[in-house]
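Colleague: Sending over a structure as structure tokens; questions will come in a sec.
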Amino acid sequence: MAVILKRRYLFVGAINTIFGYVVGVAMYLVLSEYFHIAVIATVVNLITITFSFITYKLFVFKTKGAWVNEYFKSYFVYGVSALISILLLWIFVDKLGLNIYLSQAATIITTVIISYIGHRYFTFKK
């Protein structure tokens, strides 16, 4: 069962990752003239956390009920990874001058690891 769970998590995670990458880069390209990267990254995280929560709940962990409780737990898990992601984006883009494509891809690796552990043992713990 654990192998199937990990496969589903990776598959849905790939969808969530693509969604997050596209939304992150698109919002940066559209809004970077008007807002700081940290503001854009915060908004992107709000959108992508909600999307990821729904996909993990329905297709991976398949828990019943407890929508509000699990949603807030997922925000805690993602909050930690989002803060790290925002900090990394700020460092990569503003301080190191790396392009947004590479920077966004690099931060995704960190969030995948943190979110799997957090969701498996906290958010959707049965």
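Colleague: Quick check for you: with a 1.4 Å probe and neighbouring chains kept, what is the accessible area per residue of region 11-55, in Å²?
Modeller: Averaged over the residues of region 11-55, the accessible area is 52 Å².
Colleague: Another one. Which value results when the Cα radius of gyration for the chain is divided by 2.2 N^0.38 Å?
Modeller: 1.07
Colleague: On to the next question. Would you kindly state how much longer the chain becomes between residue 34 and residue 15 on full extension, computed as 0.36 nm times their sequence separation minus their alpha carbon distance, in nm to one decimal?
Modeller: Details: separation 19, 0.36 × 19 = 6.84 nm, distance 2.88 nm.
Value of the extension gain: 4.0 nm.
Colleague: Relative to the longest principal axis of the chain, what angle (0 to 90°, nearest 10) does the C-alpha long axis of helix 2-31 take?
Modeller: With both axes taken from Cα atoms, the answer is about 30 degrees.
Colleague: Label residue 22 and residue 3 with points 7 Å out from Cα along Cα→Cβ: what is the distance between them in nm?
Modeller: Taking the two extended label points, one gets 3.2 nm.
Colleague: Heavy atoms only, probe 1.4 Å: what % of the accessible area of the chain goes to carbon and sulfur, would you let me know?
Modeller: 75
Colleague: Now, a different point. Helix 100-118 versus the longest principal axis of the chain: what is the Cα-based angle in degrees, 0 to 90, to the nearest 10?
Modeller: 20
Colleague: Under unit Cβ charges (Lys, Arg +1; Asp, Glu -1), what dipole magnitude, rounded to 20 debye, does region 3-126 have relative to its Cα centre? Provide the component values of the computation, followed by the final result.
Modeller: Numbers: 11 positive and 3 negative charges, 175 e Å.
That gives region 3-126 a dipole magnitude of about 840 debye.
Colleague: Running a GNM on the chain with Cα contacts under 10 Å, which residue among 13, 65, 24 ends up with the highest mean-square fluctuation?
Modeller: Among 13, 65, 24, the largest mean-square fluctuation in the Gaussian network model of the chain belongs to 65.
Colleague: Treating the angle as unsigned and between 0 and 90°, give the value, to the nearest 10°, between the Cα long axis of helix 37-55 and the longest Cα principal axis of the chain.
Modeller: It works out to around 20 degrees.
Colleague: Now for a separate question. Based on the alpha-carbon gyration tensor of region 80-126 and its eigenvalue square roots a ≥ b ≥ c, which shape applies: rounded if a/c is under 1.5, prolate if not and a/b is larger than b/c, or oblate?
Modeller: Because a/c hits 1.5 or more and a/b exceeds b/c, region 80-126 counts as prolate.
The values are calculated or read from the model by the stated rules, or taken from the named source; none is laboratory data. Predicted, not measured: the structure shown is a model, and the values here were computed from it. For neighbour counting, all protein chains shown are included, and Cβ atoms are generated from backbone atoms with ideal geometry for every residue, glycine included. Please note that ligands, DNA and RNA were not included when accessible areas were found on the heavy atoms of the full protein model with its side chains. Shrake-Rupley method; radii C 1.70, N 1.55, O 1.52, S 1.80 Å.
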